[in-house]
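Please see the structure below; I have some questions.
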Amino acid sequence: MTLPAAPALERLADVAALERTAQAKRMLVIVNPYATTMSDRLKHLVVYALQGRYDVTAVDTQRKGHAIELVAAAAREGYDVVVAFGGDGTVNEAANGLAGSPTPLTCLPGGSNNVFCKMLGIPNDVVDATEHLLGLPDRWAPRTVDLGRVNGRAFTFAAGMGLDASVVERVDRHPDMKRRFGAWYFTQQAVATFLRRYVVNPPRLSVAVDGARAIEGVSVFFQNGQPFTYFKARPVNLVEGARLDSGDLAGVVLTRARAVDVPTVLYRALTSAAMPGHRRVEAFEGAHEVVVRSADGRPVPWQVDGDHVAGEDEMRVSVEPGALRIVG
């Protein structure tokens, strides 16, 4: 994403200032200064524009988990809306801090992919997205969406155990490469991780969906909504039946990981072919509680919304219907 010229956002602020009233909504903007497309200049321009229609407070995050603390405090203080200005990790932390509160969340794209932002219908260009937020007071209609949870940690759109979590862990070690090459760097690391750790003696998982017979596999991926757009606007077709307000989860289990399976798995993920139709994939939808266990004693890595969390022997995945208020 290229940075907008100063006049573009300044014009937005000038137009919005003509309509601002004394009852402007209190807005907390949580800024991740290390997000892929972030800069001080961009942050100041966006905040200046938003001040045309909101009573804005902007705060930079200082460390991992800081956004959770900031937005939880904002909810207690009665802010009207919280804006997560960063990537998917910033949105995830904001959602964790606001879960169960009456304060709605919205977002501005500052990362390389901004999946949840796009799910809410917010443009992926920061100037267009800022203009979108400036128009919200005229159509203010907060609504609720579901949150998934893994061992207590909430996720907005996706979580995974196994291969994709291993890839996220590797990518997070090189933030400069992630910033420069985005999804393509993720793809390169995915291939490398697969060949090094999953072709020979991959970790084994046992996945029990709503108490049914366990599915054996090497990786499992959950979605709380669609479309999952990791490559800019291109959807990655992994599951069927996932919606942000459905009250349940959908997912897929990769039952085997061999070199001969990779080309067809990638083809289905990046085209209109359905991933659940792949012979090495077991799909499920309408799930409410899933227990994922290590089947060979090795800790299993897991991630939520592209944020690597830990490696554990057991993960309990559930859904919390209507847990998050959003406006967008």
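Within the range 186-196, can one find any residue that is within 19 Å of ARG316 (Cα to Cα), out of contact with any strand residue (DSSP E or B) (no Cβ under 7 Å at 6 or more places or on another chain), surrounded by fewer than 19 Cβ atoms within 10 Å (Cβ to Cβ) and modelled with pLDDT of 70 or more?
no
Only one residue in GLY121, GLY97, GLY111, GLY162 is touching a helix residue (DSSP H, G or I) at 6+ places or on another chain (Cβ under 9 Å) and outside the structural domain of LEU28 (by TED's automatic domain parsing). Which one? Before you say what the answer is, go through the steps one by one.
Working: GLY121 fails: outside the structural domain of LEU28 (by TED's automatic domain parsing); GLY97 fails: outside the structural domain of LEU28 (by TED's automatic domain parsing); GLY111 fails: outside the structural domain of LEU28 (by TED's automatic domain parsing).
Exactly one of GLY121, GLY97, GLY111, GLY162 is touching a helix residue (DSSP H, G or I) at 6+ places or on another chain (Cβ under 9 Å) and outside the structural domain of LEU28 (by TED's automatic domain parsing), namely GLY162.
Now for a different question. Do you know which of the residues in the range 302-328 that are within 14 Å of LEU163 (Cα to Cα) and hydrophobic (A, V, I, L, M, F, W, C) is surrounded by the fewest Cβ atoms within 10 Å (Cβ to Cβ)?
ALA310
Okay, next question. Count, please, the residues in the range 45-103 that happen to be under 17 Å from ARG26 (Cα atoms), out of contact with any Lys or Arg (no Cβ under 9 Å at 6 or more places or on another chain) and among the hydrophobic types (A, V, I, L, M, F, W, C).
13
In addition: Is the range 146-169 home to any residue that is modelled with pLDDT of 90 or more, surrounded by fewer than 24 Cβ atoms within 10 Å (Cβ to Cβ) and touching a Gly at 6+ places or on another chain (Cβ under 8 Å)?
Yes, the range 146-169 contains a residue that is modelled with pLDDT of 90 or more, surrounded by fewer than 24 Cβ atoms within 10 Å (Cβ to Cβ) and touching a Gly at 6+ places or on another chain (Cβ under 8 Å).
Pull up the range 303-315, narrow it to residues that are part of a strand (DSSP E or B) and within 14 Å of the chain's Cα centre (by Cα), then point me to the one that is nearest to ALA158 (Cα to Cα). Before you say what the answer is, go through the steps one by one.
Filtering the range 303-315 for residues part of a strand (DSSP E or B) gives 303-304, 307-312, 314-315.
Subset that is within 14 Å of the chain's Cα centre (by Cα): 303-304, 307-309.
Values: GLN303: 9, VAL304: 6, ASP307: 10, HIS308: 12, VAL309: 13 Å.
Step by step, filter the range 303-315, then rank; the result is VAL304.
Could you please find all residues in the range 197-216 being at pLDDT 80 or above and within 19 Å of ALA310 (Cα to Cα)?
PRO202, PRO203, ARG204, LEU205, SER206, VAL207
Now for a separate question. Those residues that are free of Cβ contacts under 8 Å to residues at least 40 places away in the same chain and assigned to a helix (DSSP H, G or I), I need them from the range 29-53; list them, please.
Those that are free of Cβ contacts under 8 Å to residues at least 40 places away in the same chain and assigned to a helix (DSSP H, G or I): ASP40, ARG41, HIS44, VAL47, TYR48.
I'd like the residue in the range 101-125 that is out of contact with any Leu (no Cβ under 6 Å at 6 or more places or on another chain) and of a type in the set (A, V, I, L, M) and, out of all such residues, is nearest to SER39 (Cα to Cα).
Filtering the range 101-125 for residues that are out of contact with any Leu (no Cβ under 6 Å at 6 or more places or on another chain) and of a type in the set (A, V, I, L, M), the one nearest to SER39 (Cα to Cα) comes out as LEU108.
The values are calculated or read from the model by the stated rules, or taken from the named source; none is laboratory data. Since we're looking at a predicted model, the values are computed, not measured. Note that each Cβ is placed from the backbone with ideal geometry, even for glycine, and that neighbours are counted across all protein chains shown.
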